[in-house]
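Peer 1: Could you have a look at this structure, given as structure tokens, before my questions?
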Amino acid sequence: MNDMIRPEQIAQPPVTAPEPMLVIDHVTKRFETPDGPVVAVDNISLTVGRGEFVSIIGPSGCGKSTLFNLVGGLLSISDGTIRIDGEAINGPHKSIGMVFQEDATFPWRTVIDNVAFPLELQGMAKGERLERARHFVSLVGLHGFEKRYPAELSGGMRQRVSIARTLAAEPKLLLMDEPFAALDEQTRLLLGDKVLQIQQELNQTVLLITHNITEAVQLSDRVLIMTYRPGRTKRIALIELPRPRTSEMLSSDTFGRYVAEVWADLREEASRGMQDAERGSR
Amino acid sequence: MAATGTLTIPQKSKMDAVLVLRIAIIASLLVFWQLLSMSGLLYEDVVPGLPQITAGLYRLLTTTEFYVNLKVTAGEILAASLIGGLTGMIAGLSLGGSYFMERAFERYFYYLGPTPKIIFFPLMIMWFGVGSGSKVAMGAVSCFFPVALAVAAGMRRIPPILIRVGESFRANRWQMLTKVHLPAMREPVVNGFRLGFGVALIGVLLAETKLSNQGLGFLVIQNYQRFDMPGMYALLIAIFVIAVAVNAALGRLSRGGRRR
């Protein structure tokens, strides 16, 4: 238990993190509604070091998607700051690449043209950008599907196209919002392996938003557990499983213990959320 | 292999059956027409037989008069579609892109859209003269509304996620328009243009039949006044074939380039 819970880490960035790249500094987000302001994210602080894989987990409605949009610069921050490499975020930042939960491929573009999209925006010459796109298509294991349209691919393949497209822009931070949520369990596990492999290969810094405990433990160095409404930091759990990791570790005892511990914290919040939902539907 | 063979054969013969039926409908219509013409129930001058119409068609297609007027009408329709289409597109983009504009103006578009534009023709003559100007104006006004409404609706139907993707990659306004909005609404927009082209054609021809001294609509009325029924039917067939051909070409454009 104690090797995991370090209450002093909640407020301060952990000592273990190598040179912080992303700093979320006392960030609050309020939404104005007809019934008065609603606090979606309440005073969250977190740092992500270079090469680190950090997950944010919480029950539905805890504001984790709001946090995703704040870091991605698609929403404005009410209080506090978010910095990447010391630069404050106010709008989508070139160092941050976003992968969304929904199918976000462009249906009128082939796989290769989807992946080349950010390079096209940068004004890169056609030959160069196609070559680079081809590299990232292969990286996510879609070699041979370059000329296919998204409608001809499975959901898991489309999500890999999205990941490749985001990676093609070579972001310093890969920011993902439940990228596997719409996929079946087996695809989800295999895709998790793929993401781990890529992260290893590129030494990619990743911030993952999820509600899946297994996924969070399988992939992350640290897991931030959020409370239900308003979204606060409940705890930051260190996952000290050896790397490289694969989905084969899922059956190990240590893995099971981490999952149980995260669930113990999450359970209270999730049941609060459920009671809230039941009250609302009454 | 055998399985695919048995699968494709019935489908192919079904396609053939559709084709046969289509030809049969045309053939029976022609036969019916010829019988009606020969029955003497109607004046033979009003319902001329197929040989007379064929002769009329031959006469029409071998005179320069037809081509001169076809060119006039085609130019008018093209100009009307371009003017109406472009202004309609700009109006549609601003309606679809802003909730404020939608609330303020879209209602009027829905009211004016189905209004028969021919009631404005006297105005158009006063403003643009009896020549091609008033015909182009008629066509452009007709074309404007369906294009504007289709573009506005198409813009609203773009999945929000695709716009967020564009924003997350920091696309500028022009890139958003050309690389996200327009391709995402290609189908409704092309269909809107198809509809717009159709009504532009109606507007121009209708205006030509009302008051003009050139164009296919003028030729139709001229043939009617001369009581040259075979010539008139021949013209109707020619116009019909042209309209179908252009529509088919535009339809192909809306489906092409994107596999499903």
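The values are calculated or read from the model by the stated rules, or taken from the named source; none is laboratory data. These numbers were taken from a predicted model, which means no experiment stands behind them. In this analysis, Cβ positions are derived from the backbone assuming ideal geometry, glycine residues included, and neighbour counts consider all displayed protein chains.
Peer 1: Could we say that A:ASP221 is in the same structural domain as A:GLY72 (by TED's automatic domain parsing), in contact (Cβ under 8 Å) with a residue 60 or more places away in the chain and acidic (Asp, Glu) here?
Peer 2: When the stated conditions are applied, A:ASP221 passes them.
Peer 1: Given the conditions (1) in contact with an Asp or Glu (Cβ under 9 Å, 6 or more places away or on another chain); (2) more than 30 Å from A:GLY123 (Cβ to Cβ), and given that B:MET176 satisfies all but one, which numbered condition is not satisfied?
Peer 2: Of everything listed in (1) in contact with an Asp or Glu (Cβ under 9 Å, 6 or more places away or on another chain); (2) more than 30 Å from A:GLY123 (Cβ to Cβ), B:MET176 misses just condition (2).
Peer 1: Moving on to the next point. Consider segment A:104-113. How many of its residues are more than 10 Å from chain B (Cβ to nearest Cβ) and not hydrophobic (A, V, I, L, M, F, W, C)?
Peer 2: Here the count works out to 1.
Peer 1: Could you tell me which residue of segment B:174-208 is nearest to B:GLY88 (Cα to Cα), considering only residues that are away from every other protein chain (no Cβ under 12 Å) and of a type in the set (D, E, K, R)?
Peer 2: Looking at residues that are away from every other protein chain (no Cβ under 12 Å) and of a type in the set (D, E, K, R), I get B:ARG194.
Peer 1: Would you confirm whether any residue within segment B:21-42 is at pLDDT 75 or above, at negative phi and outside any helix (DSSP H, G or I)?
Peer 2: Within segment B:21-42, one or more residues are at pLDDT 75 or above, at negative phi and outside any helix (DSSP H, G or I).
Peer 1: Mind checking which residues of segment A:81-99 are under 23 Å from A:ASP42 (Cα atoms), within 17 Å of the chain's Cα centre (by Cα) and facing another protein chain (nearest Cβ under 9 Å)?
Peer 2: Within segment A:81-99, A:PRO92, A:HIS93, A:ILE96, A:MET98 meet the criteria.
Peer 1: What residue, among those in segment B:155-164 that are more than 16 Å from A:VAL71 (Cβ to Cβ) and within 7 Å of chain A (Cβ to nearest Cβ), is surrounded by the fewest Cβ atoms within 10 Å (Cβ to Cβ)?
Peer 2: Only one residue fits best here, namely B:ILE161.
Peer 1: Same structure, new question: Looking at segment A:216-253 only, could you name the residues that are crowded, with 23+ Cβ neighbours inside 10 Å and among the hydroxyl-bearing types (Ser, Thr, Tyr)?
Peer 2: Scanning segment A:216-253 gives A:SER220, A:TYR228.
Peer 1: Restrict the check to segment A:237-259 and report whether at least one residue is farther than 26 Å from A:ASP193 by Cβ, within 23 Å of the chain's Cα centre (by Cα) and either modelled with pLDDT of 80 or more or not charged (D, E, K, R) (or both).
Peer 2: The initial filter retains those residues of segment A:237-259 that are farther than 26 Å from A:ASP193 by Cβ, namely none.
No; the residues of segment A:237-259 include none that is farther than 26 Å from A:ASP193 by Cβ, within 23 Å of the chain's Cα centre (by Cα) and either modelled with pLDDT of 80 or more or not charged (D, E, K, R) (or both).
Peer 1: Also, I was wondering about something else. Taking B:VAL165, is it of a type outside the set (S, T, N, Q), over 25 Å from the mean Cα position of the chain (by Cα) and under 29 Å from B:ALA91 (Cα atoms)?
Peer 2: So B:VAL165 fits the description; yes.
Peer 1: Sticking with this one: Just checking, which of B:LEU60, B:LEU86 is closer than 19 Å to B:HIS181 by Cα, under 24 Å from the mean Cα position of the chain (by Cα) and assigned to a helix (DSSP H, G or I)? If you could, list the steps in order and put the result at the bottom.
Peer 2: On the way: B:LEU60 fails: closer than 19 Å to B:HIS181 by Cα.
Exactly one of B:LEU60, B:LEU86 is closer than 19 Å to B:HIS181 by Cα, under 24 Å from the mean Cα position of the chain (by Cα) and assigned to a helix (DSSP H, G or I), namely B:LEU86.
Peer 1: Do we find a residue being among the polar types (S, T, N, Q), assigned to a loop (DSSP other than H, G, I, E, B), without any contact (Cβ under 8 Å) to a residue 24 or more places away in the chain and over 29 Å from B:PHE120 (Cα atoms) anywhere in segment B:167-179?
Peer 2: There is at least one residue in segment B:167-179 that is among the polar types (S, T, N, Q), assigned to a loop (DSSP other than H, G, I, E, B), without any contact (Cβ under 8 Å) to a residue 24 or more places away in the chain and over 29 Å from B:PHE120 (Cα atoms).
Peer 1: Moving on. Within segment A:61-80, count every residue that is surrounded by fewer than 22 Cβ atoms within 10 Å (Cβ to Cβ), within 14 Å of another protein chain (Cβ to nearest Cβ) and of a type in the set (A, V, I, L, M).
Peer 2: Result for segment A:61-80: 2.
Per-residue answers, yes or no, for (1) in contact with a helix residue (DSSP H, G or I) (Cβ under 7 Å, 6 or more places away or on another chain); (2) without any contact (Cβ under 8 Å) to a residue 40 or more places away in the chain; (3) among the hydroxyl-bearing types (Ser, Thr, Tyr):
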{"site": "A:GLY144", "(1), (2), (3)": "no, yes, no"}
{"site": "A:GLY155", "(1), (2), (3)": "no, no, no"}
{"site": "A:SER162", "(1), (2), (3)": "no, no, yes"}
{"site": "A:THR166", "(1), (2), (3)": "no, no, yes"}
{"site": "A:PRO171", "(1), (2), (3)": "no, no, no"}
{"site": "A:LEU174", "(1), (2), (3)": "yes, no, no"}
{"site": "A:LEU183", "(1), (2), (3)": "yes, yes, no"}
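Peer 1: Okay, moving on. Tell me which residues, restricted to segment A:119-165, are touching a strand residue (DSSP E or B) at 6+ places or on another chain (Cβ under 8 Å) and within 10 Å of chain B (Cβ to nearest Cβ).
Peer 2: A:SER162
Peer 1: I need a count of the residues in segment A:199-215 that are surrounded by 23 or more Cβ atoms within 10 Å (Cβ to Cβ) and either out of contact with any Phe, Trp or Tyr (no Cβ under 9 Å at 6 or more places or on another chain) or free of Cβ contacts under 8 Å to residues at least 40 places away in the same chain (or both).
Peer 2: Qualifying residue count for the region: 0.
Peer 1: Quick check on B:VAL130: is it surrounded by 21 or more Cβ atoms within 10 Å (Cβ to Cβ), more than 30 Å from A:ARG109 (Cβ to Cβ) and of a type in the set (Val, Ile, Thr)?
Peer 2: no
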